[in-house]
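Notes for the one structure printed next.
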Ligand code: PLP
Ligand code: COI
């Protein structure tokens, strides 16, 4: 039985659900793991995650399809990305097939919290891992916990599909040769001041430029950029210091194979941005959130798509991607994982 939740008015917040998956790593091996009821985590006051932020996470969603199935979108790519992240953070990899199984099992165990088709909400899935034993010298932990919880969510930005206003940030997100390309908790900790400051000044997000030259577009705190040129091409920034968004990689395929668009994945100079017709933020949480205006220290870039609606090409991309995710449009082989 679906829970009694006002699905259509959900924001992007945490709602505790019934079950979560937990597996512990000790003496060089992961245990078999289990679904448990207790949402609380207990660990040493000196745990590596608490002292040195040795933690990483992933994010994906489960959807109810029109014909009532529960599915999720490309969980194998989240498993792969978490493996890459763990290697960079000197954490043990949770085997990729077990990651996908843990996602499936956790969603199944919380099936009553998967929002109905057409409600505008989805079940957000948060796999994560942290170093749990006491570490006081700077070194990796020996013991870890891998967990997966779920929470029903609505749109990441208030107003849903309404265009947002963002600003060019004076803070950097990621250094060259740093950790911008992995999903480490530390990338988000250091973005908190920038996001609070942006919100205080009325902006929904920060546009980060490359730290070395401050001339190239990187990404926002939680999403990659897509731009549409005046002649209808999809342009999306390429950089070693941004997160390889699964949504963005999927949109590149959707644009080319479903919509017949030309796709350019390349360095994007900030100077070019004023010439684009449409701009959007893409990610699991953001889906595609249209950007209407970018403020650059008092100079405004207003996209021709305006502040009322998503631009027409962004809308086509949005409809096709979400159509695939919710089972209305046939997906490329291997993109949809059936859960129930
Ligand atoms: N960039 C950052 C910094 C993110 O946190 C996210 C969210 O996961 C993304 C991009 C979008 O990635 P994905 O499409 O895989 O969710
Ligand atoms: C996601 O889109 O899954 C993320 O992790 C982004 C985060 C800012 C919520």
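The values are calculated or read from the model by the stated rules, or taken from the named source; none is laboratory data. Note that the structure is predicted; figures quoted are calculated from it, not measured. Every residue, glycine as well, gets a Cβ built from its backbone with ideal geometry; the counts of neighbours run over all protein chains shown.
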Which listed residue, of 204, 194, 211, 198, is within 16 Å of ligand 1 (Cβ to nearest atom), over 21 Å from residue 323 (Cβ atoms), at pLDDT 95 or above and out of contact with any strand residue (DSSP E or B) (no Cβ under 7 Å at 6 or more places or on another chain): 211
Filtered residues of the stretch 220-241 (kept if within 14 Å of ligand 1 (Cβ to nearest atom) and either farther than 18 Å from residue 270 by Cβ or over 12 Å from the mean Cα position of the chain (by Cα) (or both)): 222, 225, 226, 236, 237, 238, 239, 240, 241
Any hit, the stretch 158-176, residues being in contact with a helix residue (DSSP H, G or I) (Cβ under 9 Å, 6 or more places away or on another chain), under 24 Å from residue 78 (Cβ atoms) and within 15 Å of ligand 1 (Cβ to nearest atom): yes
2 or more residues under 29 Å from residue 11 (Cβ atoms): qualifying strands (runs of 3 or more DSSP E) within the stretch 214-304: 224-228, 234-237, 278-283, 287-296, 299-302
Residue within the stretch 181-198 that is more than 15 Å from ligand 2 (Cβ to nearest atom), surrounded by fewer than 22 Cβ atoms within 10 Å (Cβ to Cβ) and assigned to a loop (DSSP other than H, G, I, E, B) present: no
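Select from the stretch 71-88 the residues that are closer than 25 Å to residue 321 by Cα and touching a strand residue (DSSP E or B) at 6+ places or on another chain (Cβ under 6 Å) and write down the one among them that is farthest from ligand 2 (Cβ to nearest atom).
Within the stretch 71-88, the first condition is being closer than 25 Å to residue 321 by Cα, and the residues that meet it are 71-82.
Still in the list and also touching a strand residue (DSSP E or B) at 6+ places or on another chain (Cβ under 6 Å): 71-72, 75, 78.
Values: 71: 17, 72: 12, 75: 12, 78: 9 Å.
For the stretch 71-88, the residue satisfying everything is 71.
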Search result, residues across the stretch 119-141 that are touching a helix residue (DSSP H, G or I) at 6+ places or on another chain (Cβ under 9 Å), assigned to a loop (DSSP other than H, G, I, E, B) and over 30 Å from residue 293 (Cβ atoms): 132, 133, 135, 136, 138, 139, 140, 141
Residues being under 15 Å from residue 159 (Cα atoms) and within 16 Å of ligand 2 (Cβ to nearest atom) - total across the stretch 4-21: 4
Tally, over the stretch 226-246, of residues that are within 14 Å of ligand 2 (Cβ to nearest atom) and under 26 Å from residue 193 (Cβ atoms): 4
Flag for residue 301 being within 21 Å of the chain's Cα centre (by Cα), away from ligand 2 (no atom under 16 Å from the Cβ) and either in contact (Cβ under 8 Å) with a residue 12 or more places away in the chain or farther than 30 Å from residue 126 by Cα (or both): no
Criterion (within 16 Å of ligand 1 (Cβ to nearest atom) and either buried (at least 18 other Cβ atoms within 10 Å of the Cβ) or farther than 14 Å from residue 132 by Cβ (or both)) met by exactly one of 35, 10, 77: 77
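Considering only residues that are assigned to a helix (DSSP H, G or I) and at pLDDT below 95, which ones fall in the stretch 55-91?
Let us first name the residues in the stretch 55-91 that are assigned to a helix (DSSP H, G or I), namely 75-88.
Hits for the stretch 55-91: nothing passes.
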Number of the condition not met by residue 61 [criteria: (1) touching a helix residue (DSSP H, G or I) at 6+ places or on another chain (Cβ under 6 Å); (2) within 16 Å of ligand 2 (Cβ to nearest atom)]: (1)
